[in-house]
1. Can you work out the PRE-style zone for residue 193? Point 7 Å along Cα to Cβ, and I want the residues of segment 19-51 with backbone N under 13 Å.
2. Taking a label point 7 Å from the Cα of residue 53 along the Cα→Cβ vector, which residues of segment 200-214 have an amide N closer than 17 Å to it?
3. Per residue, how big is the convex hull of segment 71-151 when only Cα atoms are used? Give it in Å³.
4. Pull out the extension gain between residue 276 and residue 232, defined as 0.36 nm times the separation in residues minus the alpha carbon to alpha carbon distance; nm, one decimal.
5. Using alpha-carbon pairs under 8 Å, 6+ residues apart, how would you state the relative contact order of the chain in percent?
6. So how many Å³ per residue does the convex hull of the Cα atoms of segment 75-117 work out to?
7. With n ≥ 4 as the cut-off for DSSP H runs, can you work out [θ] at 222 nm for the chain, using -39500 (n - 2.57) per run divided by the number of residues, rounded to the nearest 500?
8. Can you divide the C-alpha Rg of segment 75-226 by 2.2 N^0.38 Å and report the result to two decimal places?
Amino acid sequence: MSAESSDSIPPADSSQPLKGKRALISGASRGIGRGIALEMAQAGASVTINYHSNPEEAESVVKECEAMDVSAFAIGADISDADQVQDMVSKACEQMGGLDIVVSNAAYSDRHLMLESDMDEFRRTIDVSMWGAFHLVRSGAQKMVDGGNGGNIVVISSPHAHMPMPGAMAYNMAKAANDQMARTAAVELAPKRIRVNLIHPGWIDTPGERKFFKEETLRSEGAKLPWGRLGQIREIGRGAVFLCDPRSEYITGSTLTIDGGIQLPWREMYRVEEARRETAAT
């Protein structure tokens, strides 16, 4: 689109802004990926659900999407394997007749202090969370370039790209790489009319969190957050739909933070409140 025609924003149905679009979401059998798939289906997109080890859950998501009167498919692939990713992208294009949206969501993490890290788990985190994202972004972008109609890529990263969480060095490293990868891709793909954006979710209520925390901890600690609760998967999905909406076509290389304020200096409020109590007591 030339500068002269930039005032002509593509029209979109406000109720189904992604109607007719074709989306591939990695790691979409559960958690945030599931939330994205459901929101994109509700917005009118056909969806391909990638999974690694949960085919039954993936088929369940397919059925939920089909109930919204869109086409949906499930494809198993190890996102850390470049050949499997390329094959998955090709199959998704065959099933849906092309590719307009790619969401890199699949991730893996094990938490250990650096000096105690199991290097097999460390490498697995990097292979899935960093290389997996790269494989999908690269393969998806190539299909979009071949199609000649532009497209949208959304990378689900994390505030831990810049907030170093102890015990998660590999994950922090991978997410920092995701951010630079997405921004670099945004620059390189802009001439092809392919937009690339990031989402930084906060603490989201997902099955993956049960790997590290008990239910009681999730409830009690979630209530302490600025917004008073954990985020929900479909809230991240709505963010992904917004970024891929044709009316958002001037947004590329950006980061959408959906975190209920977790990155704000909310712990400092305790100091303010304590100072107020002391002042009131004197």
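1. none
2. Residues 207-213 fall inside that zone.
3. Values: hull volume 7.5 nm³, N = 81.
Looking at segment 71-151, the number lands at 93 Å³ per residue.
4. Details: separation 44, 0.36 × 44 = 15.84 nm, distance 3.36 nm.
This chain segment gains 12.5 nm when fully extended.
5. 19
6. Numbers: hull volume 3.8 nm³, N = 43.
Measuring per residue, one finds 88 Å³ for the Cα hull of segment 75-117.
7. Result for the chain, helices only: -13000 deg cm²/dmol.
8. So the Cα radius of gyration is 1.13 times the expected 2.2 N^0.38 Å.
Every number in this text was worked out from the coordinates using simple rules, so none of it is lab data. Since the model is a prediction, treat every value here as computed from it, not as a measurement. A quick note on method: Cβ atoms are made from the backbone with ideal geometry, for glycine too, and the neighbour counts reach across all protein chains shown.
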